[in-house]
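Trainee: What follows is a structure written as C-alpha coordinates; I'll ask about it next.
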(Lines give C-alpha, C1' and ligand atoms only; values in the text may rest on other atoms or scores of the structure.)
Protein backbone atom coordinates (compact mmCIF):
# COMPACT_ATOMS: atom_id res chain seq x y z
CA UNK A 1 0.00 0.00 0.00
CA UNK A 2 1.45 3.38 -1.00
CA UNK A 3 1.88 6.04 1.66
CA UNK A 4 -0.16 9.12 0.87
CA UNK A 5 1.53 12.52 0.84
CA UNK A 6 0.02 15.95 0.38
CA UNK A 7 -0.80 16.95 -3.18
CA UNK A 8 0.04 20.33 -4.66
CA UNK A 9 -2.32 22.90 -3.13
CA UNK A 10 -3.44 20.67 -0.25
CA UNK A 11 -3.40 22.21 3.25
CA UNK A 12 -1.20 20.46 5.82
CA UNK A 13 -1.75 20.83 9.57
CA UNK A 14 1.57 21.32 11.38
CA UNK A 15 0.19 22.65 14.66
CA UNK A 16 1.79 21.30 17.82
CA UNK A 17 0.57 17.84 18.76
CA UNK A 18 0.41 18.56 22.49
CA UNK A 19 -0.77 15.57 24.53
CA UNK A 20 -0.94 13.42 21.36
CA UNK A 21 2.82 13.77 20.70
CA UNK A 22 3.82 10.54 22.50
CA UNK A 23 1.31 8.52 20.44
CA UNK A 24 2.31 10.07 17.11
CA UNK A 25 4.97 8.70 14.76
CA UNK A 26 7.23 10.73 12.53
CA UNK A 27 5.67 11.12 9.08
CA UNK A 28 6.50 12.40 5.63
CA UNK A 29 4.10 15.17 4.63
CA UNK A 30 5.38 16.05 1.15
CA UNK A 31 7.50 14.00 -1.22
CA UNK A 32 8.34 15.37 -4.67
CA UNK A 33 11.26 15.02 -7.06
CA UNK A 34 13.46 17.59 -5.30
CA UNK A 35 11.58 18.30 -2.06
CA UNK A 36 10.77 16.37 1.08
CA UNK A 37 8.94 17.72 4.14
CA UNK A 38 8.36 15.66 7.24
CA UNK A 39 7.37 15.96 10.89
CA UNK A 40 10.06 14.38 13.04
CA UNK A 41 8.67 13.32 16.43
CA UNK A 42 11.17 12.79 19.25
CA UNK A 43 10.05 11.65 22.70
CA UNK A 44 12.18 12.97 25.60
CA UNK A 45 15.63 11.36 25.60
CA UNK A 46 15.48 10.11 22.00
CA UNK A 47 18.61 10.76 19.95
CA UNK A 48 19.09 11.07 16.20
CA UNK A 49 22.84 10.38 16.02
CA UNK A 50 25.04 12.36 13.67
CA UNK A 51 23.89 12.05 10.08
CA UNK A 52 23.79 14.02 6.81
CA UNK A 53 20.92 14.88 4.49
CA UNK A 54 21.12 14.53 0.71
CA UNK A 55 20.55 18.24 0.21
CA UNK A 56 20.17 21.58 1.96
CA UNK A 57 17.62 21.59 4.75
CA UNK A 58 15.78 23.58 7.36
CA UNK A 59 14.66 22.32 10.76
CA UNK A 60 11.90 24.17 12.55
CA UNK A 61 11.03 23.30 16.14
CA UNK A 62 7.24 23.07 16.34
CA UNK A 63 7.11 22.11 20.01
CA UNK A 64 9.40 21.02 22.80
CA UNK A 65 13.12 21.49 23.20
CA UNK A 66 16.05 19.65 21.63
CA UNK A 67 19.81 19.77 21.83
CA UNK A 68 21.02 20.48 18.28
CA UNK A 69 24.60 19.74 17.21
CA UNK A 70 26.14 21.09 13.99
CA UNK A 71 29.23 23.03 12.93
CA UNK A 72 31.13 21.85 16.01
CA UNK A 73 28.74 23.37 18.55
CA UNK A 74 25.67 22.41 20.53
CA UNK A 75 22.67 24.73 20.79
CA UNK A 76 19.32 24.46 22.55
CA UNK A 77 16.58 24.54 19.94
CA UNK A 78 13.11 25.56 21.17
CA UNK A 79 9.62 25.95 19.74
CA UNK A 80 9.69 28.81 17.25
CA UNK A 81 13.36 28.35 16.27
CA UNK A 82 14.42 27.48 12.74
CA UNK A 83 17.86 26.61 11.40
CA UNK A 84 19.31 26.16 7.92
CA UNK A 85 21.99 23.58 7.10
CA UNK A 86 23.98 23.43 3.89
CA UNK A 87 23.96 20.29 1.73
CA UNK A 88 25.30 17.23 3.59
CA UNK A 89 26.20 19.16 6.78
CA UNK A 90 26.60 16.62 9.63
CA UNK A 91 24.16 17.18 12.49
CA UNK A 92 22.51 15.42 15.42
CA UNK A 93 19.58 16.08 17.75
CA UNK A 94 18.56 14.89 21.20
CA UNK A 95 15.13 15.60 22.64
CA UNK A 96 15.30 17.21 26.08
CA UNK A 97 11.50 16.96 26.36
CA UNK A 98 8.85 15.50 24.05
CA UNK A 99 9.39 17.43 20.80
CA UNK A 100 8.47 17.64 17.14
CA UNK A 101 10.42 19.23 14.30
CA UNK A 102 9.39 20.20 10.80
CA UNK A 103 12.18 19.16 8.42
CA UNK A 104 12.32 20.48 4.86
CA UNK A 105 14.97 19.10 2.50
CA UNK A 106 15.81 20.47 -0.93
CA UNK A 107 17.01 17.13 -2.29
CA UNK A 108 20.13 16.82 -4.35
CA UNK A 109 19.28 14.38 -7.12
CA UNK A 110 21.54 13.46 -9.99
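The values are calculated or read from the model by the stated rules, or taken from the named source; none is laboratory data. Predicted model only: the values in this text are computed from it and were never measured. Here Cβ is always computed from backbone atoms with ideal geometry, including for glycine, and neighbour counts include all displayed protein chains.
Trainee: What pairs can you find where one residue is in the stretch 22-33 and over 14 Å from residue 55 (Cβ atoms), the other is loosely packed, with under 10 Cβ neighbours inside 10 Å, and their Cβ atoms are less than 9 Å apart, with a gap of 6+ or different chains?
Mentor: 27/3; 28/3
Trainee: If you don't mind, there's one more thing I want to ask. Here are the criteria: (1) exposed (fewer than 12 other Cβ atoms within 10 Å of the Cβ); (2) at negative phi; (3) modelled with pLDDT of 95 or more. Tell me which single one residue 105 does not satisfy.
Mentor: If we test residue 105 against (1) exposed (fewer than 12 other Cβ atoms within 10 Å of the Cβ); (2) at negative phi; (3) modelled with pLDDT of 95 or more, just (1) comes out false.
Trainee: Which numbered condition in (1) farther than 14 Å from residue 41 by Cβ; (2) modelled with pLDDT of 95 or more is the only one that residue 95 fails?
Mentor: Of the numbered conditions (1) farther than 14 Å from residue 41 by Cβ; (2) modelled with pLDDT of 95 or more, the odd one out for residue 95 is (1).
Trainee: Does the stretch 51-59 include one or more residues that are more than 22 Å from residue 86 (Cβ to Cβ) and surrounded by 18 or more Cβ atoms within 10 Å (Cβ to Cβ)? Can you show your working first?
Mentor: Step one: of the stretch 51-59, the residues more than 22 Å from residue 86 (Cβ to Cβ) are none.
Looking through the stretch 51-59, none of the residues is more than 22 Å from residue 86 (Cβ to Cβ) and surrounded by 18 or more Cβ atoms within 10 Å (Cβ to Cβ).
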